[in-house]
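Encoded as structure tokens, the structure appears first; notes follow it.
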Amino acid sequence: MYWVEDLSPLPGHQSSTASAINQKGKVVGWLGSTPDLGGPHRACLWDNGVTVDLGVLPGFLSSQAYAINDGDEVVGRCDGPSSVGFIWTAKNGMQPLPPLPNFTDSVAWDINNAGKIVGNSIVVNVEPILQSMVWENRQPVLFEVPDDKYANPPASVALSINDGGVIAGWYGDNLGEGHLFPLVTEGRFLHKR
């Protein structure tokens, strides 16, 4: 049997969105300042009926939490005027996750129980450039792409990582078509031949 639990917003917020849950039942997501989820958001954690505002990094206007691991490490992004990925822990609060060199923005989409984080870096131009990546010890690392077929795709995003370190996401090819990511492990694409 399933049931629905109300994850109420904090005072001053009119909406709430849940994006992930860990094995302990802790839920992360964000609070909205308007009923339609528009306006600035605040990353939050729901823990045993208590809503915890995770805050926003200095200089940013909004935050959203996308994932939580079983060590209660939370990842997401802060926005305005640019975007930066973050990691939050109860001990250290919210810390930025920098983009790859020569990129302007970053987003952290997932974290596994070993603390490995995946996401993407962005160059904001007329057409944004998205590059999938991982953070190792909080430092950005580019995927190694050994096959020319996948070299320099115009867009790629790493969306999920499991506890075995296998990453999944999507990429766009030079024809402008979107494809599911070949699975990636230890920075190398895995191809079915």
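No lab work stands behind these numbers, since they all come straight from the coordinates. In this text, all values refer to a predicted model and were calculated from it rather than measured experimentally. Cβ: placed from backbone, ideal geometry, glycine included. Neighbour counts: every protein chain shown.
For residue 112, the shell of other residues with beta-carbons less than 10 Å away shows a net charge of -3, using +1 for Lys and Arg and -1 for Asp and Glu. Fully extending the segment from residue 162 to residue 53, taken as 0.36 nm per residue of separation minus the present Cα-Cα distance, adds 36.6 nm.
Using 0.36 nm per residue of separation minus the Cα-Cα distance, give me the extension gain between residue 17 and residue 91 in nm, one decimal.
On the way: separation 74, 0.36 × 74 = 26.64 nm, distance 2.43 nm.
Answer, rounded to one decimal: 24.2 nm.
Could you tell me whether the range 20-138 comes out rounded, prolate or oblate from its Cα gyration tensor? Rule is a ≥ b ≥ c as square roots of the eigenvalues, rounded for a/c under 1.5, then prolate if a/b exceeds b/c, otherwise oblate. All intermediate terms of the calculation are to be shown ahead of the outcome.
Values: a/c = 2.03, a/b = 1.26, b/c = 1.61.
Note, shape of the range 20-138 comes out oblate.
Whole-Hz Karplus values for the range 101-117 come out as x, 6, 10, 9, 10, 8, 9, 9, 9, 7, 9, 9, 6, 8, x, 7, 10 Hz, taken residue by residue from phi with 6.51 cos²θ - 1.76 cosθ + 1.60 and θ = phi - 60°; glycine and proline positions read x.
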